[in-house]
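What follows is one structure encoded as structure tokens, with my remarks underneath.
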């Protein structure tokens, strides 16, 4: 298994997070031409309290968020809109992702989208962050969001950036 899922909040069990994480990871890497079996990441499934602590510790933002990512190495680019270089190894670890149940449930309900679809989107988003993609600058955001839409489309999921 390429994704190690650590469930801190038992509400994630009913969602089938392990399968969603593996599917998002495999689909994202395959879409970018990487062999999913050659790479690894860890997903921590937590609640808003835990992710707010992590957000405070690592981003100086003491509030809950939906997903956080910690790449195993810096893969970002200097030029806005440029594609990051994809990893080549030998270390198979891409990094870690944390995802918060409360925020994900609230966002999916507000958007009128199934929780599984929203979580899949956020996991694809998190994996792209591990690979060096970002959305701070406009062209970087356009590139990352475009990839998310393509990957989710291949999974049969709607464009998350269009209101339902």
Query - Verdict on residue 122 being closer than 21 Å to residue 14 by Cα and within 15 Å of the chain's Cα centre (by Cα) - result: yes
**Report entry** Elements of type helices (runs of 4 or more DSSP H) in region 82-164, at least 3 residues being at pLDDT 95 or above and under 19 Å from residue 4 (Cβ atoms)
**Finding:** 115-130
Report summary line: Condition set touching a residue at least 40 places away in the same chain (Cβ under 8 Å) and part of a helix (DSSP H, G or I), scope region 42-51, selection nearest to residue 71 (Cα to Cα): answer is 51
Report summary line: Residues of region 82-95 being surrounded by 14 or more Cβ atoms within 10 Å (Cβ to Cβ), without any contact (Cβ under 8 Å) to a residue 60 or more places away in the chain and in contact with a helix residue (DSSP H, G or I) (Cβ under 8 Å, 6 or more places away or on another chain), in sequence order, are 94, 95
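The values are calculated or read from the model by the stated rules, or taken from the named source; none is laboratory data. This one's a predicted model, so the numbers in the text were calculated from it and none came from an experiment. With ideal geometry, Cβ positions are generated from the backbone for all residues, glycine too; neighbour counts draw on all protein chains shown.
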